[in-house]
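Here's the structure, in structure tokens; my notes come after.
The values are calculated or read from the model by the stated rules, or taken from the named source; none is laboratory data. Note that the coordinates shown come from a computational prediction; the quantities given were computed from them, not determined experimentally. Don't worry about glycine lacking a Cβ; one is built from the backbone with ideal geometry, like all the others, and counts go over all protein chains shown.
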Amino acid sequence: MVKKAVIAAVCVCCAAALLLFIFFGPGSKGIMTMLPKPDEREMYLIAETTGGCPELVVSLFSESFGAEGRSMSAESALLAAAAAAEEAALLVEKNEGDGYRLCASLHFSSAETSSLKKGRLGAELGKIFKSASIREGGAEGVFAIESAAFGEPLFYKVSGRYTAMAADAAALRRMEEASKRSSANLGGKKWSVERGWPAHIEICDGGAITANAKEKFPVTLEAAWRGADAEEASPAEGEARWAFVNLGKPAELWLSRSLKAEKWETGNYLIPEPLLFSAGINLPEPKGKYKDWPFPLSSLGEIAENIGLSDSQAREILGGQTVFSLGGQNRILWFSLPGFLVEFTGRPALMRELVEKFWENLFFGAEPKPMAGFEAGGSANLPFSAVGAARGGVAALGLATPQSLEGGAKTLGRYLKDGEEAIGWAIADLPRIGAALSDMTKMSSFLEEEAYEDEDFSDFESGGVPGMLQPDITTTPFDQEIADSFGNVLKRMGRIFIVWEKPLSGRLLWYSSQKSAN
């Protein structure tokens, strides 16, 4: 009886294995099997989604391979195909030289897969690749999609229910070879963050962040995301959970010891409106001299010294909760630019002293006008708008109009629950950042033209001016075309809110451009 049961169990297992072989293809363990394992010593990105690749993700990645208005690249075409798939797994990794290689494992409908296997485009891809043609790709089962819309052909091969796609034939061959060896592919990849969610992503910096550190290691971030629950009354369109993974015990131990989540009294802080970006973080009090502190603390320490604060006062101010904001308004010449604001926390007496030294030493004793809601300091109209004011244990310093903080400002409580514990948080209005990026690039171009005209005049009059008197005034590294293109992608997005809940993990909420976070 036992022998018969064992034989029956073996038969069932063999039948299941045969079905898996037929259904998934030889050596396959799922959609990730078609992707080769990336090198952790180089930057890479892995993404796996159910229900297709989100349109905004496709738009964002497409800008990395070709700006709007330019001809579509093979990589952009591949991303468009991924958006039409029922399931998608993507790998972006560093290529030889400075470029990046993109490959994808895609699960289309059975009808689309059947058409692709025969060398034809089905209804789904036919809508995307209009007037495209397919030819044999030089190897058994390999086809190439060609179109005047993108310069280079897109190669693919159907294996079982999955279609491997790559922007070049060599990458497709690498995918095929990797799929045959479990040690060379991502078939055994297990997500550690919210495994049951429909979409996951992993980003590795290849050791770039720790390149100058004593102990070098790659920093890897994993995240999972999903759309908002229809039953929940939330303005958010969706949520994500993220975590640092594979950092190594020393790094994880250091983060756990150094960073602590604390309650945020949301009523103490202001978010300038219109908001572009705001971030708050709770840091331990730095030790030693400011020159030994990491950026940007070292820069803030230098400013503190320049305005007359002692080392101990600077350490006390920078330790604890600090908020940085880009928003509101500031007017320079005839340009209306976003304002910049920093809010420090500490003893009320120290906050008042910080504001006093801010005006005395940084603005040569300018007399600020009092601001409603603040007990000390205020605002002043110089060639630009400056704010330096304190109330209780909070000091707000920056370049912004007082109206940015009085009438239009909204508290952090709009986003974070009062008393909620967090190491840090960030709010970004991506459409406004996109518009500001384009405007800043235009202003940069204008200032550069003015600088060149001044340089020519000075050289003519005096035979040249020392370089230190003509510093580089470039305000953005982007040219106008790239800035406009990337800005247009951001304009199609909405507002995001990130919470750093624990030393190694947190959450993210995003809102559509139509919905507000109110």
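Of the listed requirements (1) at pLDDT 85 or above; (2) farther than 14 Å from Phe344 by Cα; (3) surrounded by 17 or more Cβ atoms within 10 Å (Cβ to Cβ), Ser278 misses just one: (2). Listed conditions (1) assigned by TED's automatic domain parsing to the domain that holds Arg241; (2) part of a loop (DSSP other than H, G, I, E, B) are all met by Gly138, apart from (1). State which residue is modelled with the highest pLDDT when the search covers only the stretch 406-450 and only residues that are buried (at least 18 other Cβ atoms within 10 Å of the Cβ), β-branched (Val, Ile, Thr) and farther than 14 Å from Pro338 by Cα. Among those that are buried (at least 18 other Cβ atoms within 10 Å of the Cβ), β-branched (Val, Ile, Thr) and farther than 14 Å from Pro338 by Cα, it is Ile423. On inspection, Ala251 qualifies as farther than 25 Å from Arg391 by Cα, aliphatic (A, V, I, L, M), at pLDDT below 90 and not assigned by TED's automatic domain parsing to the domain that holds Gly346.
Listed residues Val219, Val158; which is of a type in the set (Val, Ile, Thr) and not assigned by TED's automatic domain parsing to the domain that holds Ala111? The match here is Val219. Pairs are defined by a Cβ separation below 6 Å, a sequence spacing of at least 6 or placement on different chains, a first member in the stretch 373-388 that is within 18 Å of Glu353 (Cβ to Cβ), and a second member that is part of a loop (DSSP other than H, G, I, E, B); the pairs so defined are Gly377/Pro368; Gly378/Pro368; Gly378/Pro370; Gly378/Met371; Val387/Ala400. For the stretch 145-172, the set of residues classified as outside any loop (DSSP other than H, G, I, E, B), charged (D, E, K, R) and more than 31 Å from the chain's Cα centre (by Cα) consists of Glu146, Lys157, listed by residue number. Here Asp229 meets each of (1) closer than 21 Å to Thr50 by Cβ; (2) in the same structural domain as Leu91 (by TED's automatic domain parsing); (3) loosely packed, with under 14 Cβ neighbours inside 10 Å with one exception, condition (2). So which residues in the stretch 148-159 are in contact with a Phe, Trp or Tyr (Cβ under 8 Å, 6 or more places away or on another chain) and buried (at least 19 other Cβ atoms within 10 Å of the Cβ)? Phe155, Tyr156, Lys157 - these are the residues of the stretch 148-159 that are in contact with a Phe, Trp or Tyr (Cβ under 8 Å, 6 or more places away or on another chain) and buried (at least 19 other Cβ atoms within 10 Å of the Cβ). One residue stands out in the stretch 304-318 among those that are touching a residue at least 24 places away in the same chain (Cβ under 8 Å) and aliphatic (A, V, I, L, M): the one that is surrounded by the fewest Cβ atoms within 10 Å (Cβ to Cβ), namely Ile307.
Look at the stretch 352-369: where a residue is free of Cβ contacts under 8 Å to residues at least 24 places away in the same chain and a partner is surrounded by fewer than 19 Cβ atoms within 10 Å (Cβ to Cβ) and in a helix (DSSP H, G or I), sitting 6+ places away or on another chain with Cβ atoms under 9 Å, you get Ala366/Glu360.
Taken together, the residues in the stretch 281-302 that are surrounded by fewer than 16 Cβ atoms within 10 Å (Cβ to Cβ) and within 14 Å of Phe324 (Cβ to Cβ) amount to 3. Looking across the stretch 195-225 at every residue that is surrounded by fewer than 14 Cβ atoms within 10 Å (Cβ to Cβ) and charged (D, E, K, R), the one that is farthest from Glu40 (Cα to Cα) is identified as Arg195.
Cβ-Cβ below 6 Å, separation at least six or inter-chain, first residue in the stretch 281-292 and under 10 Å from Gly319 (Cα atoms), second among the aliphatic types (A, V, I, L, M) and modelled with pLDDT of 80 or more: which pairs? Note: pairs meeting the criteria are Asn282/Ile423; Pro286/Leu297; Pro286/Leu318. Summed over the stretch 327-351, residues that are crowded, with 17+ Cβ neighbours inside 10 Å and touching a residue at least 60 places away in the same chain (Cβ under 8 Å) total 11. Counting only residues that are touching a residue at least 24 places away in the same chain (Cβ under 8 Å) and more than 30 Å from Met43 (Cβ to Cβ), the stretch 94-109 holds 0 of them. Looking at (1) within 29 Å of Leu91 (Cα to Cα); (2) modelled with pLDDT of 85 or more, which is the one condition that is false for Trp264? With respect to (1) within 29 Å of Leu91 (Cα to Cα); (2) modelled with pLDDT of 85 or more, Trp264 is out only on (1).
I need the full set of residues from the stretch 259-314 which are of a type in the set (Asp, Glu) and part of a helix (DSSP H, G or I), in order please. Asp292, Glu302, Glu305, Asp311, listed by residue number.
Of Ser192, Ser179, all but one fail to be surrounded by fewer than 16 Cβ atoms within 10 Å (Cβ to Cβ), touching a residue at least 12 places away in the same chain (Cβ under 8 Å) and either polar (S, T, N, Q) or not assigned by TED's automatic domain parsing to the domain that holds Ala89 (or both); the exception is Ser192.
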